[in-house]
Amino acid sequence: MRTRQSRRWEIYLLSLALAVGAAGCGTEPEAATRPLTGRAAAPATHSAEADKEAEKAALAAYSGYLDASRAASARSDPSHPALARFLADPLLTRVRMAILDAKEHGAMRTGKLVSDPTVVSVDLAARPPTVEIQDCLDASGYRLVYAKDRKAVPGTRGGRYLATATAVRFPDGRWLINGGAAHQDQPC
């Protein structure tokens, strides 16, 4: 039986391993537990070049998001300025709350998180335009430790698992990551 504290750490791990929190990126309850498989083909009203540009911008936002969340987590800084450059709500708030929770419990992240993202769908006709990303995260070298003595927080684990994220294009043209899920039950 898990304690409230171990559940908090699990939620923290899920949110900071990818900094995506325990909630999914869809509105359906099962969205948090299933990988993305792409969307049905929509009528093409954009070019392949536009799709490629969207993919490139979304992957850059995703990479920036991982870098920003690692930096903010290592410093226990939920207000780290890079977070808002790559994240949007609701994910931005979940990431900040997870970092704040760890800070209040004297914990921080150390090590390396290895990412291998792939774009699984681009929907430029959606409002807002979206890009769905699937990633095989390797968090085996990314540890949650107590800041005081750098000892691992009990009940935390790493490993390789599937993660998903959603990038949206804002009216000003920026692509930001606003949702996602860590699927630790789905190794990759």
In the set Tyr146, Tyr142, Tyr62, the lone residue that is touching a residue at least 40 places away in the same chain (Cβ under 8 Å) and open to solvent by 40 Å² or more (accessible area, probe 1.4 Å) is Tyr146
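Of the residues that sit in region 81-91 and are in a loop (DSSP other than H, G, I, E, B) and open to solvent by 30 Å² or more (accessible area, probe 1.4 Å), which one is farthest from Ala181 (Cα to Cα)?
Going through the qualifying residues, I end up with Asp89.
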Scanning region 95-118 for residues that are open to solvent by less than 30 Å² (accessible area, probe 1.4 Å), outside any loop (DSSP other than H, G, I, E, B) and closer than 25 Å to Asp185 by Cβ gives Val95, Ala98, Ile99, Ala102, Ala107, Arg109
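When you look at Thr166, is it of a type in the set (Ser, Thr, Tyr) and open to solvent by 30 Å² or more (accessible area, probe 1.4 Å), yes or no?
It is false that Thr166 is of a type in the set (Ser, Thr, Tyr) and open to solvent by 30 Å² or more (accessible area, probe 1.4 Å).
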Checked pairs for region 107-128, first under 12 Å from Ala139 (Cβ atoms) and small (Gly, Ala, Ser), second open to solvent by less than 20 Å² (accessible area, probe 1.4 Å) and not in a strand (DSSP E or B), C-beta under 9 Å and 6 or more apart or across chains, list as Gly111/Ala139; Ser115/Leu18; Ser115/Tyr62; Ser115/Leu66
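The values are calculated or read from the model by the stated rules, or taken from the named source; none is laboratory data. Owing to the predicted nature of the structure, the values given are computational and were not obtained by experimental measurement. Cβ: placed from backbone, ideal geometry, glycine included. Neighbour counts: every protein chain shown. These area figures cover heavy atoms from the full protein model, side chains too; ligands, DNA and RNA do not enter into them. Shrake-Rupley method; radii C 1.70, N 1.55, O 1.52, S 1.80 Å.
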